[in-house]
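Inspection log for the structure reproduced underneath, given as structure tokens.
Derivation of every value follows stated rules applied to the coordinates shown; laboratory data play no part. What you see is a predicted model, and the numbers here were worked out from it, not measured in a lab. Backbone-built Cβ (ideal geometry, glycine too); neighbour counts: all protein chains shown.
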């Protein structure tokens, strides 16, 4: 993700670059760097909760990733992982299973990893047009 923001030091236009990554320990992390060519100021910040607006900019730039499930995916196991990973109630998990899950590629890959750990054949597919549904392969 790249865009321009006011420099926090001089107010001139500064370049901002941001990413979200999935780490080996199955945690999500974001990093943002702001560099001003006018005054030379540079700022780097990171964290686990994506700051307001960054997720939407990442989705706009890279598209939503889609979660795809194998044909024999166990609905109960899928809903259990959805509830645990996304912090959803039973009804909300059912809605996600029926309507689909769309997220950044790292978010969707984290969900796919946790589903695979639970014995469910799952994969995250990058930049699919549409809402990012949970689809069963045939």
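Give me the percent of DSSP beta bridges within the chain that run antiparallel, rounded to the nearest 5. Taking every DSSP beta bridge with both residues in the chain, the antiparallel ones total about 90 percent.
A Cα-only calculation for the range 17-97 places Rg and Dmax at 17.4, 58 Å. Residues 82, 88, arranged from fewest to most other Cβ atoms within 10 angstrom of their Cβ, appear as 88, 82. Please give the helix 105-117 orientation as an angle from the longest Cα principal axis of the chain, in degrees from 0 to 90, rounded to the nearest 10. The answer is roughly 30 degrees.
Apply the Debye scattering formula to the chain, with a single equal point scatterer on each alpha-carbon and no solvent, then give log10 I(q)/I(0) at q = 0.14 Å⁻¹. Those come out to -0.68, one per q. When all alpha carbon pairs of the range 27-71 are counted in 5 Å bins from zero, the resulting P(r) reads 5, 15, 16, 21, 17, 12, 6, 3, 2, 1, 1, 0 %.
Relative to the first principal axis of the alpha-carbon coordinates of the chain, what is the inclination of helix 90-99, with its axis defined by its Cα atoms, in degrees from 0 to 90 and to the nearest 10? Helix 90-99 and the main axis of the chain meet at about 80 degrees. The relative contact order of the chain, computed from alpha carbon pairs under 8 Å that lie at least 6 residues apart in sequence, is 25 percent. Reducing the range 59-123 and the range 1-29 to their Cα centroids gives an inter-centroid distance of 26 Å. Between residue 61 and residue 37, the simple label model (points 7 Å from Cα in the Cβ direction) yields a spacing of 1.7 nm. For the range 2-61, the spread of Cα positions along the three principal axes, ordered from largest to smallest, is 38, 22, 15 Å.
Altogether, the Stokes-Einstein calculation at 10 °C and 1.306 mPa s, with the Kirkwood radius of the range 63-136 over Cα pairs as Rh, returns a diffusion coefficient of 136 µm²/s.
With the helix formula -39500 (n - 2.57) applied to DSSP H stretches of n ≥ 4, the chain reaches a computed 222 nm mean residue ellipticity of -9500 deg cm²/dmol.
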